1. Taking the Cα centre of the range 101-221 as the origin, how large is its charge dipole in debye, to the nearest 20, when only Lys and Arg (+1) and Asp and Glu (-1) carry charge on their Cβ atoms?
2. Give the carbon-plus-sulfur fraction of the accessible surface of the chain in %, rounded to a whole number; probe 1.4 Å, heavy atoms of protein chains only.
3. With axes computed from alpha carbons, what is the tilt in degrees of helix 152-168 against the longest principal axis of the chain, rounded to the nearest 10 within 0 to 90?
4. Towards the positive end of the charge dipole of the chain, with charges on Cβ (+1 Lys, Arg; -1 Asp, Glu), say which of Ala235, Gly397, Gly339 has the farthest Cα.
5. Within the P(r) computed for the chain, what percentage of the Cα pairs occupies the region above 36 Å?
6. When the expected Rg is taken as 2.2 N^0.38 Å, what fraction or multiple of it is the alpha-carbon Rg of the range 49-138?
7. Under a point spin-label approximation (7 Å from Cα along Cα-to-Cβ), what is the Ser368-Val20 distance to one decimal in nm?
8. Within 15 Å, Cβ to Cβ, of Ser215, how many net charges do the neighbouring residues add up to if Lys/Arg are +1 and Asp/Glu are -1?
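The values are calculated or read from the model by the stated rules, or taken from the named source; none is laboratory data. For clarity, every value in this text was computed on a predicted model and none was experimentally measured. We place every Cβ from the backbone using ideal geometry, glycine too, and count neighbours over all the protein chains shown. Heads up: the accessible areas ignore ligands, DNA and RNA and are worked out on the full protein's heavy atoms, side chains in. Shrake-Rupley method; radii C 1.70, N 1.55, O 1.52, S 1.80 Å.
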Amino acid sequence: MSDLLSLADVEAARALLTGVVRITPLEPSQPLTRTLGVPAWLKCENQQRAGSYKVRGAYTRISRLSDAERARGVVAASAGNHAQGVALAAGLLGAKATVFMPQNAPLPKVTATKGYGAAIEYAGTTVDDSLQAARAFADQTGAVLIHPFDHPDVIAGQGTVGLEILDQCPDVGTIITAVGGGGLISGVAVAAKAMKPDVRIIGVQASGAAAYPPSLAAGAPVTLTESATIADGIAVMRPGDLTFSHVSELVDDVVTVTDEDLSEALLMLLERHKMVVEPAGGAAVAALLTGKVDLEPPVVAILSGGNIDPMLLMRVIEHGLASAGRFLRLSVQTGDQPGELARLLTQIAEHRANIVDVLHSRHNPRLSFGEVEVQLSVETRGPDHSATLIGALRNSGYAVTLLSGTP
C-alpha cells in the first residue's frame with residue numbers, strides 16, 4: 001500500500017533520536033521461557049525517558065516542525081504516556097505544550113506531565129473525548145496537534161523500538177506488543193518486517209477496549225461505543241486511519257486479554273523481574289501467559305510503559321493475587337460466644353495462611369440469633385492451598401462463602 005512507511009523513514013527517525021532517547025535493555029525472562037518452552041525476552045520501554053516509548057514519536061514529530069510552527073506551541077491529547085512524551089519533547093525543543101487529558105487520568109501521570117512543563121486541560125472521560133478538545137484548541141489557537149498515533153512522524157519514531165529489537169536479538173521470531181491506537185505496532189512492524197520478513201508481529205488489546213478485532217473483520221476502522229479496562233494507556237475507541245492501514249497489512253494477529261490476565265502479568269513482572277509496569281505495558285506478557293498466541297521463537301515482548309498510579313498498583317496486586325488463587329476474601333459464619341473468633345483464626349493460622357484483615361459483624365439480617373459473620377482477607381500459597389483451607393474450615397462446621405478469589 002502506498003501510504004505505508006518504509007524502513008528508511010524509521011532509520012531517519014533513529015538518527016533524529018540519537019542522544020535523546022535511551023536504547024532500552026532487552027532482558028531475558030526465565031519465567032516466560034519456562035512457561036512457553038521457547039526463549040523469551042522483555043524489551044523494557046518502561047525504562048525509557050518519561051516512562052514509555054511515547055517520547056520517541058513525540059520528539060520525532062515536534063523536531064520536524066518549522067520554527068514558526070513551534071513558536072505557536074503544540075497540543076496533545078492523552079491519558080498519560082503520550083502527554084509525558086509530548087511535554088518532555090516540547091521542553092527539549094523549546095515549544096510550549098498544552099495537553100488535554102480525561103478527567104479520570106491517573107494523578108501521577110498528570111503530575112509528571114506538569115513537571116515536564118506542559119499546561120494541563122481536562123476534557124471528557126476518554127482519550128477520544130480529549131482528542132476532540134485538542135483539535136478544537138488547535139483550530140482556535142494555531143497550536144500544532146501532536147497526534148498520539150496517527151501521523152507518519154509518530155509512527156516512524158515509535159518504529160525505532162523495532163530497530164533496537166533487531167539489533168539486540170537478530171534472530172527474533174515473534175514480537176508482541178500492546179495496541180491502543182496502533183502507532184507502536186505500526187512502526188515496529190515497518191522496521192521488523194523490512195529487516196526480517198518472516199518475523200511474526202502480534203498485537204494485544206484489552207478485551208474491554210478492543211477496537212482492532214472488529215475493525216480488521218470489517219476491513220475499516222470501527223468506533224467502539226464503550227470501553228472498560230484497567231489498561232488506560234490502550235483504551236482507544238477507534239484505530240487511526242494510517243495505523244489501521246499498517247496493522248491490516250503488516251501485523252500477523254491481534255489478540256485480547258482480560259483485566260484478570262493483565263493483573264496476573266503485572267504481578268509476575270513485579271515478583272519475578274522486579275519490574276514496575278502499568279497495565280497497558282504488561283499486555284504483551286499477559287497474552288503470552290494465556291497461551292493463546294501462535295509463536296515463532298525466540299519471542300520478544302515489549303513492556304511499553306511503566307507509569308502506574310501507586311493506588312492502582314495496590315489494587316492490581318490484590319487482583320492479581322486473587323486471580324492466581326493466592327488471595328481470598330471469605331465470609332465465615334460462627335457462633336457468637338467468647339473464644340469463637342480466636343478458634344477460627346487459630347485454625348487458619350494452623351493451615352499456614354496469612355490473615356490480612358478481619359471484619360466481625362453481628363448485624364447481617366441473614367444471620368440467626370447467636371451467630372456472627374466474620375469476613376476475612378487471607379493470603380495463601382496458591383489454588384491448592386486455598387482449596388485445602390476452605391475444605392478444612394467447612395469440615396470443622398463453619399459456613400464458608402467465597403467472596404472473591406480462586407479456591
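1. On the way: 6 positive and 10 negative charges, 29 e Å.
The dipole of the range 101-221 has a size of about 140 debye.
2. Details: 8340 of 16510 Å².
Here carbon and sulfur together make up 50 percent of the probe-accessible area.
3. 70
4. Towards the positive end, the residue furthest out is Gly339.
5. Cα-Cα pairs of the chain separated by over 36 Å account for 31 percent.
6. Numbers: Rg = 11.8 Å, N = 90, 2.2 N^0.38 = 12.2 Å.
The value comes to 0.97.
7. The modelled label-to-label distance comes out at 7.3 nm.
8. Details: positive: Arg238; negative: Asp128, Asp150, Asp241, Glu249, Asp253.
Here the count lands on -4.
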